[in-house]
Amino acid sequence: MKTFSFFDPFVSRRMKMRTAIPLGIAVLLVGMLLVTLLSHQLELLEQHATDPGNIVVNYHAPIVKLDQKAIGMDLSGYGYPNVFVNDPLEQKELKALNVKFLRIDLKYTVSGDPTSKIVCNSNGCDTRWTGDQWIQAIKAIGAQPLIVFPYNITDATNMLKHFNKETNNYVRYWTLGNEPDLSGMSATTYSNIFNQDYDAMKAIDPTIHIGGGTTAWYDVPFLQTFLQHSGNRVDFIDFHGYAQEGTKDGNYLTLFHYAAQYGDNIRDLRSLIQRIVPTRAAQIGIEVGEWELNWGGTAQNNTNFHAVWVASVLGGILEAGGWSLFYADKGNAIYGYPHTFIDAHGKKVQIKPDDTNAAYHGIGMFTGESLFRGFGTVMVSASTALPNVEVFASDNPKNIVVINQSPTATQIATIALEGVTSGTVDVWGKNEAVPFPDPPIKLATLSLENGTFTFRLAPFSVTTFVIHTVSEIV
């Protein structure tokens, strides 16, 4: 019998063959696996590059240029002894909020007497301060004043002379009266007064802009009659709107539906203007001169929902090309007096005068409230496939505000940007994890790759994405 040494060439060849066969199979399998993995990775990259996302913002599609004074507020005159005109902390807060349009209702202490003191005209407002002090305080925070002037033509013209001719405290924007339909004045009577005041005031100073309407709600018959009688004069149309009385909690879905109506009403009014006075339509602005969640109570004011709802309304007004005047500073956006609340999570919240309300931060998610870069000057096309989600986007600079209206559902947002490919995204949020009086917090900084990024939207949240493109980062 033949025996084999370990070094026998025949044995060596057999051993090599036995080793080579499994090694070859292993190499082949590894190669096939690598090819499969690479193919899958390429497929994922291709899908990532072409995935339209469930939120799409198109920076190639501008829809409206925003007026620099589009985000404003009404001054109530409330909060004695510290009202806007003599409260440096409130002035600092409104300046930080970057509101650019502040409305104040003024009157003569004695109607018909131009030597009498000009004071605020709201019921219960602080009349210690002169009209000049109100206007100077508005200008001091970098905002434009808007004066609500009296129906009396003598008072209207004397007030204009006082500010624009005699004291060099120029005011460009004026509007006649407040909610005439609520007080029972007919549209025809109001229009006749408006035309007389308009002609007399423009004769004194043709540089001013005079608005009218000022209805208590989107009162179509009243505004239609006003346009028919005064459309050849008016510089901007004003109407008001409140979602509920506020003595009991409203239904969330109903309230968000109402929020969407502000923008719808602006678009409808724009169509009405174009139909009635087509030759002047482009010259006539539209403002929502008063709006808030409640008109007669405080239900749901001291909740995070208030911030979400306010952001929804403001986004809709801006997208429709309107001017927003939130009602009002003391009492709604800013607390005037101490309060103690038990919030939705059972936590005790102590409020001091001049603490900010949730509504302040709903506005701040657009303006940045000096924490982050604010909304841009051009609204661009933005859409979403996510249920109960709204998206508003701007260019110059690029910001995106996304609102999750659902009180329970977390939404996974994949945001695709058309016209932007790379950069970083600063994420700021106001949600149920942030106490309702507190400002938004920075949640993350994300990488923007292939024009997309992903983020989880908390229930009842407003999230602002501040986009920094590569050129802006360098």
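No value in this document is a laboratory result; all are computed from the given coordinates. Fair warning: this is a prediction, and the values are worked out from it, not measured in the lab. FYI the Cβ positions are ideal-geometry reconstructions off the backbone, even for glycines, and counts take in every protein chain you see.
Neighbour counts of other Cβ atoms within 10 Å put R103, R172 in the fewest-to-most order R172, R103. Within the straight-line cut-off of under 17 Å between alpha carbons, the aspartates and glutamates reachable from K348 are E432, D438, sequence neighbours fewer than 8 places apart in one chain being disregarded. Here's the list of lysines a cross-link from K117 could span, going by alpha-carbon distance under 18 Å and ignoring same-chain residues fewer than 8 apart: K107, K161, K165. If each DSSP helix of 4+ residues adds -39,500 (n - 2.57) and the sum is divided by the residues in the chain, what number results at 222 nm, nearest 500 deg cm²/dmol? Taking each H run of at least 4 residues, the total per residue is -11000 deg cm²/dmol. Coupling constants for segment 287-292 follow from the phi torsions by the Karplus curve (6.51 cos²θ - 1.76 cosθ + 1.60, θ = phi - 60°), and in residue order they are 10, 8, x, 8, 7, 5 Hz; glycine and proline get x.
Could you tally the net charge around N82, taking each other residue with its Cβ under 11 Å from the Cβ of N82, Lys/Arg +1 and Asp/Glu -1?
Net local charge, N82 excluded: -3.
Sequence-distant contacts, meaning Cα pairs under 8 Å at least 6 residues apart, place the relative contact order of segment 341-474 at 26 percent. Between the amide H of V378 and those of L66, D395, distances stay under 5 Å, these residues lying 5 or more places away or on another chain, with hydrogens modeled in the peptide plane. Amide H contacts under 5 Å for F326: G72, M73, D74, restricted to partners 5 or more places along the chain or on a different chain, H placed in the peptide plane at 1.01 Å from N. Relative contact order, whole percent, for the chain stands at 17, derived from Cα pairs under 8 Å and 6 or more residues apart. Computed from the C-beta positions of D343 and Q91 and an R0 of 30 Å, the FRET efficiency is 0.60 to the nearest 0.05.
Each Lys or Arg adds one and each Asp or Glu subtracts one; over the other residues with Cβ under 13 Å from the Cβ of T298, this totals -2.
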